[in-house]
1. Among the candidates GLY38, GLY29, GLY34, single out the residue that is out of contact with any Lys or Arg (no Cβ under 7 Å at 6 or more places or on another chain), at pLDDT 90 or above and at positive phi.
2. State all residues of segment 116-136 that are small (Gly, Ala, Ser) and assigned to a strand (DSSP E or B); if no residue qualifies, say none.
3. What are the residue pairs meeting all of these: first residue in segment 137-156, first residue more than 18 Å from ALA79 (Cβ to Cβ), second residue among the β-branched types (Val, Ile, Thr) and not in a strand (DSSP E or B), Cβ atoms under 9 Å, and 6 or more apart or on different chains?
4. Could you list, in sequence order, all residues of segment 119-128 that are surrounded by 14 or more Cβ atoms within 10 Å (Cβ to Cβ) and among the charged types (D, E, K, R)?
5. Can you name the residue in segment 42-60 that is under 17 Å from GLN111 (Cα atoms) and in a strand (DSSP E or B) and, of all such residues, is modelled with the highest pLDDT?
6. If I go through segment 140-151 residue by residue, how many of them are surrounded by fewer than 17 Cβ atoms within 10 Å (Cβ to Cβ) and in a strand (DSSP E or B)?
7. Take GLY131 and tell me if it is at pLDDT below 95, surrounded by fewer than 19 Cβ atoms within 10 Å (Cβ to Cβ) and over 16 Å from SER61 (Cα atoms).
8. Within segment 83-115, can you find the residues that are among the hydrophobic types (A, V, I, L, M, F, W, C), in a strand (DSSP E or B) and farther than 23 Å from PHE60 by Cα?
Amino acid sequence: MKKMYIISFVITILLLSITIVGANELSNGDFEGGNIGGWSTWCVTGETSTLENHTPGGRFSAAPTLNDANGPFIVGGLAQDINGVVAGDQLSGSVWIKTENLAGKHGVEVQAILKLEFWRGGEIIKAEEAGRLSGTNDWKKVKINITAPEGTDLAKFVLLLWNADGAGRGSTGKVFFDDAELIITR
């Protein structure tokens, strides 16, 4: 009988000590609504693309392009603000990325990037990137695992299209993002 109480006590302690892992914090990470609802954009056209049987899951993926391939923009993206993130939270972000002929003028790279940013008072205090895919790549799952730093009052999940050419002119190709996910462990 005493062993039963000890086993019950140990199991209770273990259950109480398990870290709570949440669901995907992103809205419309799979883009299956056929739109980019839930995502903000800057310097890109926020499109979705139907790629029948070509996405890692479902029918749609996000397919942002720089606003004007001949214009001054060198970076653009899709982003979601994640409120309630505090110092010490563990963030695990991932997205599937596919690229087709991403290139800049004179061989300069154009890249598809996953980025997690941590903000305090309207300024970035820490950021982590993964991916940096250029050229042509089949679907690749890109991941970031990072701890929120002290002072964090906001996190951002960002899908970037970046042109390494400072002039931002003459970029070509396409990028596709799908099944974006952010899990926060507290």
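1. Being out of contact with any Lys or Arg (no Cβ under 7 Å at 6 or more places or on another chain), at pLDDT 90 or above and at positive phi holds for just one of GLY38, GLY29, GLY34, which is GLY38.
2. Passing the criteria: ALA127, ALA130, GLY131, GLY135.
3. Here the result reads TRP139/THR55, each pair linking segment 137-156 to a residue that is among the β-branched types (Val, Ile, Thr) and not in a strand (DSSP E or B).
4. ARG120, LYS126, GLU128 - these are the residues of segment 119-128 that are surrounded by 14 or more Cβ atoms within 10 Å (Cβ to Cβ) and among the charged types (D, E, K, R).
5. TRP42
6. Result for segment 140-151: 5.
7. So GLY131 fails the test.
8. Within segment 83-115, LEU91, ALA103 meet the criteria.
The values are calculated or read from the model by the stated rules, or taken from the named source; none is laboratory data. Note that this is a predicted model, so its numbers are computed, not measured. Because the Cβ atoms are built from the backbone with ideal geometry, glycine has one as well, and the counts that use them run over all protein chains shown.
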